[in-house]
Structures are given as structure tokens and as C-alpha cells.
Amino acid sequence: MKLTVAPDSTLRAEMADVHGRFARVLPWIWLIWLVWLFGPVLFAARSFPHWLVPTLLSLPVFLALYVAAHLCPRRHIVWYAIAIAVLGGVLTPVNPWGETYLIYACTIAVDWGSLRKSSALVLAMLLAYSCLWLWLGFPWGSLVFVWVFCPILAGVGLTNRMQRQHRADLRLSMDEVRRLAASAERERIGRDLHDLLGHTLSMVALKSELAGRLIDRDPRAARREMADVERVARESLAQVRSAVRGIRAAAMAAELASARLLLEAAGVQMEYWHDPQPLPGEVETCLALVLREAVTNVQRHARASRVEVTVIVGADRVVMRVRDDGRGGVNERGNGLTGMRERIEARGGTLAIDSPRGRGTAIEASLPVATVPVGAAPRRYAAPELAPLANAGVSRT
């Protein structure tokens, strides 16, 4: 039978989270605490001689309810939480460690409704179970375990839910910022091109029409008009090239800002130093794409808490370093590093990777500042020192 995951289920939310790879298996890891159901083996086998068969029969029922609670729509979670709590109450008379089911019910209940509704549901289940416990004549002191662990684990689950929602909101905000930035950039480019080309093309059209009228009556005047057309066209071409260089110059700054947003959404602190000196468009675009791939690898694979990016422009080359404090052990043939290397070497540069296991990863890309034809053999450069950053005119952001 194929299990269907509801679009608004807790499992779907965990899978969509930035830490989804771990979060999607976490609910199944918690099942290890079912071992507490077999407490009578060590503590009360004589007092409850018939506990084993009911306990074993309750396990398939619990597992079915537990899986369904993570797959069902969020509004239905309340019924599965109550059903698991009732299952624990039915098992408790023959196995006091059936209170383990109540703990699972409380951790599931926090994903239902608002904070007030979830808290009220957890409190109601605790009170109902306490009444059952005392009615059965069990020592009230044993309820301390329930009243301590259930609220703590429910609080942990609620905190995880709030953090997951916060990260989702942050991702939505980041996507909206990128969309608005792209829209504003398109509008700016449109205005610039309109201002640059609108008047120029109108003038070219008028002078071309005038030259066409004068070519038979006054060839000399027609040649002057055509010379003006050529001059205006060349000036317009120079202005367009200058505008394009300005657009390309923003590539690295925009990519650094985007990288910081992406990593902060994943809970990773990023610091960067960017030399403000201009670079050729092809070189800057290449570095921006390498930075994007490196940051994506950090977000997906590194499990890092901090990333440093340094971009230094020298007289004949530019060096970009990306360091993280993650788990390291990166395979140079995977995680997009092959594409990075090919892109850098196609521009005549080099790519160095240092990734000892457990000590983070450092990637250094070195490119000649002068434009190199695609496919040229890479030149080897010595790595520059990073110590004199304060004297190198580098801006820290």
C-alpha cells in the first residue's frame, strides 16, 4: 500500500525545511524510546504478570497511529494524539509503563492548531491520565515522571515547530526580496536603455531621412548628415557598453548578498571581505558563479555554522577564498566541484581545495584579471597572503 503525504502534514513541512534531511527521519528516531514499554521486565514483572501480551498487541496499533499522525493533514492530528493517549490509558492497568504512549501523544499534539490549542490539549491529556492513574490506586509520586517529561518534550516539539515556521517565513521573505530586486533591476535597465537609445535612435532616424532627401540635390550635405549618423551611432554604442559594464560590475556584490541571505536562512553565519576594485565582466561573472556553487554546497552538505568569503584583486589576478567550519572530507569529484574547476580553468585560472575530514573546507579560486580566451591553458600562481587585509583597501561587510 502506498502512503500518501498530505500537503500540510508535519512530515511534508519537515521535508521542505532547510534541515529537512535530518528532520524527516527524526520522528522515526524517537521510536527508540518505545523500549520503556518493557519496563516490567526489570521493575515489576511480579506485580503485573500479564503485561507482555497486551503490550505487544498495542505496538502495531500505536505505530499505525503514529505514522498516520505524521502523514495526515494538520487539522486531523488532534484525533491521532487523543487515540494514542487513550491507547496508553488502556494499557496502563496491566503495564504502568504504558505512560510512554502519553509522551508520544503530547509531542504529536503540539503540531495541531495554535499555541493555545496545542497547550490546552496537552494539559487535558495530562490531567485525564493523572485521574486514571490515581483511580487505579498507583502511587501519585510516579506521576512526577509524566508531569516532568511530557511538558519538556512537548516544549521541545513546539520550539522545533516555531523554528521551522520561522525558517519557512525567512525563505519566503528572501524569495520575495530576490523577486523585487530582480524586478527593480529590470526596470532600471529598461530606463537606462530607454534614456540611452531613445533620443539617439530618433536622431539617427531623422538624419538618415534627411540624408536620403539631400542625396540627389546636395550630395555634400547628405554626406555630412551620414557622418553625423555614424558619429551618433558610435557614441551610443560606447554608452551602451559602459552601461553593460556597470550592470556586470554589480554581479559579485549581488551574489555575496544573496549568499548571505541563503546561509542565514539555513542558520549559518557568513562574513565576507570584498575588494571594491572593478573586474572584467567575464572574470566577475565566473567568480560569481563559483561562489554560488560553493555556497550551495555549504548549505546542503557542510553542516557548518560559519563561513568566510574573501575576494582580493591584485595587479594581475584576483583570488577568492571560501572557508567553512563544517564536517570537511569533500570529494573533489562531487558536489559540483568538478564544474567549478572546469569553469575556472577555462578562463586560465586555478582552483585549490583543502578539506580535511572534521576540519571544514577551504576553496581558493585564482583567475587572471586580464580576459583569457575560453579553453586557454591555466597559468599557475602562488597564493597571496591574507594578513595585510587592512592595508589592501579591502572593505569588510
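Restricting to the range 115-147, what's the tally of residues that are at pLDDT below 80 and assigned to a helix (DSSP H, G or I)?
8
Under 7 Å between Cβ atoms, which residue pairs at least 6 apart in sequence (or on different chains) link something in the range 350-363 that is within 17 Å of VAL295 (Cα to Cα) with a partner that is acidic (Asp, Glu)?
Matching pairs, first to second residue: ALA352/GLU364; ILE353/GLU332; GLY360/ASP324; GLY360/ASP325; THR361/ASP324; ALA362/ASP354.
Select from the range 276-312 the residues that are free of Cβ contacts under 8 Å to residues at least 40 places away in the same chain and within 17 Å of ALA370 (Cβ to Cβ) and write down the one among them that is surrounded by the most Cβ atoms within 10 Å (Cβ to Cβ).
GLU284
Evaluate the range 240-248: report whether one residue or more is more than 27 Å from GLU364 (Cβ to Cβ) and charged (D, E, K, R).
yes
Applying the selection to the range 264-275, what residues are surrounded by fewer than 20 Cβ atoms within 10 Å (Cβ to Cβ) and without any contact (Cβ under 8 Å) to a residue 60 or more places away in the chain?
Answer for the range 264-275, where residues must be surrounded by fewer than 20 Cβ atoms within 10 Å (Cβ to Cβ) and without any contact (Cβ under 8 Å) to a residue 60 or more places away in the chain: just GLN269.
Take the range 298-312 and flag every residue that is touching an Asp or Glu at 6+ places or on another chain (Cβ under 9 Å) and assigned to a helix (DSSP H, G or I).
Hits for the range 298-312 are VAL298, ALA302.
Can you find, within the range 44-86, the residue that is surrounded by the fewest Cβ atoms within 10 Å (Cβ to Cβ) among those that are assigned to a loop (DSSP other than H, G, I, E, B) and over 39 Å from the mean Cα position of the chain (by Cα)?
Quick first cut of the range 44-86, residues assigned to a loop (DSSP other than H, G, I, E, B) only: 44-51, 72-73.
Next, only the ones that are over 39 Å from the mean Cα position of the chain (by Cα) stay: 44-51.
Details: ALA44: 14, ALA45: 12, ARG46: 7, SER47: 9, PHE48: 18, PRO49: 10, HIS50: 10, TRP51: 23.
Once the filter is applied, the top-ranked residue is ARG46.
Taking the condition of being surrounded by 11 or more Cβ atoms within 10 Å (Cβ to Cβ), over 19 Å from the mean Cα position of the chain (by Cα) and at pLDDT 75 or above, how many residues in the range 154-190 meet it?
Final tally of qualifying residues: 6.
Being in a helix (DSSP H, G or I) and touching a residue at least 40 places away in the same chain (Cβ under 8 Å) is the filter; apply it to the range 313-345 and report the residue that is nearest to GLY267 (Cα to Cα).
Initial filter on the range 313-345 (in a helix (DSSP H, G or I)): 337-345.
Still in the running and touching a residue at least 40 places away in the same chain (Cβ under 8 Å): 337, 339-340, 343-344.
Values: LEU337: 23, GLY339: 26, MET340: 25, ARG343: 29, ILE344: 29 Å.
This residue is LEU337.
The values are calculated or read from the model by the stated rules, or taken from the named source; none is laboratory data. Since we're looking at a predicted model, the values are computed, not measured. Cβ atoms come from the backbone with ideal geometry, glycine included; neighbour counts cover every protein chain shown.
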